[in-house]
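*Asks:* Input: one structure, supplied below.
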Ligand code: NAD
């Protein structure tokens, strides 16, 4: 049994609150260990420690900070198999998919090696008589990241990389469901030369999160998780005067036009709908075929593919996907399927009864496929976060576009078509933050930014890319006059350079 405490000030410390949560191994339903849930006092102590460590790190030149990240990359590459194994065991996704999770995080660290470039300010010589103006980016101090269970490597690294590279001290409050990878990342950062207290992991639940929200020494919070919690954190964090960005839930549509390459569209839907058991914020959960003929053809082709999905334990390299994260998640997903049936959607593939031979206690849900889903149904409106794909039939392109735009979530979306005009019109008009054209999971690369629209995101800057450096730094602008000795008397009007 593993016992996770916290990682504070460069060392593992045991939790003192006396409260713990179980950490499961979803593939067989066993309890892998327990994780300490921090009290408010433990969080305050971690923040005080980080606050003491931050000034020296912030004053370290950005190139040296970047070198620590370079060393981290080397160590993370060596630890890749071990990290993927921990991740797959605690999350449930396959080892191959876990490696993708790690890789997407690593790519952001690679981007953050450009910190010296990202931290550069601007300079205007001679903005007025003897006057130069320049700006600089400075770290905020202590900042925090609160992250979800579904990408336990990628999202902590998306948050920590830019925060640390910019010279902040970082407190990570990872998901209590899979804390193993974040704890290991803390060790790797330390081994790479990061000073103690700059990357801290404080495990916990609502109490730890509330302590972050109310601690006056935490200047910024980056959150990723479900929309109700995102909204709560955004509201309370902002009202406490912090800089807050929160990324929430999703219901990603894929519009399939009548001229789409149907083989390509079906492959895309199978991978994007059922990969990682649908536990991705960029998973496609709604297929929108345009026209009856397209819909009939799509469903006809999808059915055998969904029926023959290979589900397996996370360590099975030939599995398409593994179990979901907890027994409660599996039950919730099956409940949604029951609701869909009651609402009148046609369940054409039913995975509720799936059990994995030899792993009967694992948290498995078989692939489910609904046809004739309508926009008033709960299974359409709400995020299921499981291997359940809903087909909503649209009579024409306009209706397909309207569905995407009217949905409360706006994280990702895709259109499959061979018509450049339709693709261009869609990209311009769709009210969604990340758009794929014949690409089902359009997660932008590290040097672009990641973020949804509508109720998928709260706050005005995105994750990673240049926005992340803006989020984790504050800008100072200096107007200076040299040479000294210029005497033009007192002025009582607002200064202008005109
Ligand atoms: P979650 O909202 O349950 O938990 C996220 C974090 O908030 C965790 O660290 C958790 O401990 C904390 N938390 C949970 N309940 C809380 C409460 N009542 N008060 C304070 N803190 C609380 O999300 P999850 O189940 O871990 O992750 C899945 C969700 O995350 C899905 O909705 C998914 O769409 C979303 N997600 C979004 C993105 C994105 O970039 N938009 C990326 C990944 C996941």
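The values are calculated or read from the model by the stated rules, or taken from the named source; none is laboratory data. Small disclaimer: the values here were computed from a predicted structure and weren't measured. When we count neighbours, we look across all protein chains shown, and the Cβ atoms used for this are built from the backbone with ideal geometry, even at glycine.
*Asks:* Considering each of 323, 313 in turn, give the residue that is in a loop (DSSP other than H, G, I, E, B) and touching a helix residue (DSSP H, G or I) at 6+ places or on another chain (Cβ under 8 Å). Spell out the reasoning first.
*Replies:* Values: 313 fails: touching a helix residue (DSSP H, G or I) at 6+ places or on another chain (Cβ under 8 Å).
Selected residue: 323, the only one of 323, 313 that is in a loop (DSSP other than H, G, I, E, B) and touching a helix residue (DSSP H, G or I) at 6+ places or on another chain (Cβ under 8 Å).
*Asks:* What do you reckon, is residue 318 more than 24 Å from the chain's Cα centre (by Cα) and either within 16 Å of the ligand (Cβ to nearest atom) or without any contact (Cβ under 8 Å) to a residue 60 or more places away in the chain (or both)?
*Replies:* Values: more than 24 Å from the chain's Cα centre (by Cα): yes; either within 16 Å of the ligand (Cβ to nearest atom) or without any contact (Cβ under 8 Å) to a residue 60 or more places away in the chain (or both): yes.
Against the criterion (more than 24 Å from the chain's Cα centre (by Cα) and either within 16 Å of the ligand (Cβ to nearest atom) or without any contact (Cβ under 8 Å) to a residue 60 or more places away in the chain (or both)), residue 318 qualifies.
*Asks:* Residues of the range 384-402 being within 16 Å of the ligand (Cβ to nearest atom) and in a loop (DSSP other than H, G, I, E, B), which ones?
*Replies:* 384, 385, 386, 387
*Asks:* Hey, another quick one. Looking at 277, 327 in this structure, which one is within 22 Å of the chain's Cα centre (by Cα) and at pLDDT 95 or above?
*Replies:* When all the criteria are applied, what remains is 277.
*Asks:* Check residue 249 against each of (1) buried (at least 23 other Cβ atoms within 10 Å of the Cβ); (2) within 16 Å of the ligand (Cβ to nearest atom); (3) outside any helix (DSSP H, G or I) and name the one condition it does not meet.
*Replies:* (1)
*Asks:* Take the range 441-455 and flag every residue that is touching a strand residue (DSSP E or B) at 6+ places or on another chain (Cβ under 8 Å) and under 21 Å from residue 108 (Cα atoms). Walk me through how you get there before you give the answer.
*Replies:* Of the residues in the range 441-455, the ones touching a strand residue (DSSP E or B) at 6+ places or on another chain (Cβ under 8 Å) are 441-444, 449-455.
Answer for the range 441-455, where residues must be touching a strand residue (DSSP E or B) at 6+ places or on another chain (Cβ under 8 Å) and under 21 Å from residue 108 (Cα atoms): 441, 442, 443, 444, 449, 450, 451, 452.
*Asks:* Evaluate the following for residue 117: is it surrounded by fewer than 21 Cβ atoms within 10 Å (Cβ to Cβ) and more than 30 Å from residue 356 (Cβ to Cβ)? It would help to see each step written out before you state the result.
*Replies:* On the way: surrounded by fewer than 21 Cβ atoms within 10 Å (Cβ to Cβ): yes; more than 30 Å from residue 356 (Cβ to Cβ): yes.
Answer is yes for this residue.
*Asks:* Residues to consider are 446, 468, 414; find the one that is crowded, with 20+ Cβ neighbours inside 10 Å and assigned to a strand (DSSP E or B).
*Replies:* Values: 446 fails: assigned to a strand (DSSP E or B); 468 fails: assigned to a strand (DSSP E or B).
Among 446, 468, 414, only 414 is crowded, with 20+ Cβ neighbours inside 10 Å and assigned to a strand (DSSP E or B).
*Asks:* Considering each residue of the range 8-43, count those that are farther than 23 Å from residue 85 by Cβ, surrounded by fewer than 20 Cβ atoms within 10 Å (Cβ to Cβ) and out of contact with any strand residue (DSSP E or B) (no Cβ under 6 Å at 6 or more places or on another chain), and give that number.
*Replies:* Qualifying residue count, the range 8-43: 11.
*Asks:* Please report, ordered by residue number, the helices (runs of 4 or more DSSP H) entirely within the range 121-238 with at least 2 residues that are surrounded by fewer than 24 Cβ atoms within 10 Å (Cβ to Cβ) and either more than 16 Å from the ligand (Cβ to nearest atom) or modelled with pLDDT under 95 (or both).
*Replies:* 180-191
Conditions (1) within 24 Å of residue 165 (Cα to Cα); (2) within 13 Å of the ligand (Cβ to nearest atom); (3) in the same structural domain as residue 287 (by TED's automatic domain parsing), marked per residue:
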{"site": "444", "(1), (2), (3)": "yes, yes, no"}
{"site": "450", "(1), (2), (3)": "yes, yes, no"}
{"site": "463", "(1), (2), (3)": "yes, yes, no"}
{"site": "466", "(1), (2), (3)": "yes, no, no"}
{"site": "469", "(1), (2), (3)": "yes, no, no"}
{"site": "472", "(1), (2), (3)": "yes, no, no"}
{"site": "483", "(1), (2), (3)": "no, no, no"}
